[in-house]
Amino acid sequence: MNENHISCCFTGYRPQKFPFSLENKTKEYTRFENALFEQILSLAEQGCHTFYCGMAMGFDLVAAENVIAVKNAFREPLKVICVLPFKGQSATFSDYWKRKFDYVLENCDEQIYLAENYFRGCYQQRNIYMVDNSDYVVTWYDGQKGGTENTVRYALKKGRYVFNICETPDNLGFQTKIKV
């Protein structure tokens with residue numbers, strides 16, 4: 001972690017793991033996106049100006065778009081860093097997600113490629129890189145097993161502040177602004 005600035009990364013599900021569509025503006029999606037936007041704005045107001053995005057379909061790309069929106073709307077000096085596990089990551093994305101991917105790449109401040117080609121474990125390596133370089137982690141996590149769970153556990157083990165914007169009865173033990 002660079003001690004000269006405050007940074008954040010995102011971890012969350014791919015579209016198919018969400019209990020609502022990320023491609024339609026439903027009431028649930030609007031509530032989700034508003035919570036994400038408010039969390040990013042709050043972090044920016046607290047001096048967090050660097051945001052790492054893993055560029056996966058779903059939460060990652062929606063989060064990066066929201067950082068860009070905050071940056072543009074409020075003229076915040078925010079930096080979006082795209083951390084790509086390998087070149088060609090978007091080759092299998094649908095047109096919808098490919099457009100989002102391209103938009104984020106065109107509007108980011110820096111691109112970091114961790115490998116030339118896909119390899120087993122490359123997504124986990126990307127997640128570790130982002131957590132290791134961040135003070136905060138913003139997630140949408142409802143308890144499902146997988147990469148998001150692993151990344152949240154790793155972040156907590158490393159002493160990072162984790163902000164879970166998922167609305168659950170107990171928020172799965174993660175509470176905004178509390179180091180767990």
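Quick note: the coordinates plus some simple rules give every number you see, no bench work behind them. None of these values were measured; they are calculated from a predicted model. Here Cβ is always computed from backbone atoms with ideal geometry, including for glycine, and neighbour counts include all displayed protein chains.
Length gained on full extension, S21 to H49: 7.2 nm, using 0.36 nm per residue less the C-alpha separation. When the Gaussian network model of the chain links Cα atoms closer than 10 Å, the mean-square fluctuations of K79, K25, K71 top out at K25.
Which entries in K71/K100; K100/K145; K25/K79; K17/K100; K25/K145 show an alpha-carbon gap greater than 20 Å? Intermediate values should be presented prior to the final figure.
Details: K71/K100 17 Å; K100/K145 26 Å; K25/K79 27 Å; K17/K100 18 Å; K25/K145 26 Å.
Result: K100/K145; K25/K79; K25/K145 exceed 20 Å.
Loop-located GluC sites (Glu not before Pro) in segment 16-63 (DSSP state not H, G, I, E or B) with no more than 14 neighbouring Cβ atoms inside 10 Å: E23. Estimated purely from DSSP H runs of n ≥ 4, each contributing -39500 (n - 2.57), the mean residue ellipticity at 222 nm for the chain is -12500 deg cm²/dmol once divided by its residues.
Computing FRET efficiency as 1/(1 + (r/R0)^6) for L105 and A69, where r is the C-beta to C-beta distance and R0 is 22 Å, gives about 0.85.
GNM remark for the chain: springs join alpha carbons under 10 Å apart, and the peak mean-square fluctuation among I68, I112, I40 falls on I112.
Screening the chain for DSSP H helices whose Cα atoms reach 20 Å or more along their own axis and whose mean Kyte hydropathy is at least -0.5 gives 27-45, 59-74. The length gained by stretching the chain between R153 and Y29 to full extension, at 0.36 nm per residue less their Cα-Cα distance, is 42.1 nm. Here semi-axes √(5λ) of the Cα gyration tensor in Å was computed from the coordinates, and among [x] 33, 17, 13; [y] 35, 18, 14; [z] 21, 19, 18 the match is [z].
Dipole of segment 6-173 computed with +1 at Lys/Arg Cβ and -1 at Asp/Glu Cβ about the Cα centre; of Q125, F93, N66, farthest Cα towards the positive end is Q125. When the chain is treated as a GNM with alpha-carbon contacts under 10 Å, the residue of S90, S134, S21 showing the greatest mean-square fluctuation is S21.
Using a Förster distance of 25 Å, how high is the FRET efficiency between K145 and E116, based on the Cβ-Cβ distance and rounded to 0.05? The pair K145/E116 has a calculated efficiency of 0.25.
Cross-link partners for K158 among the aspartates and glutamates, with Cα-Cα distance under 12 Å and sequence neighbours closer than 8 places in the same chain left out: D132, D135.
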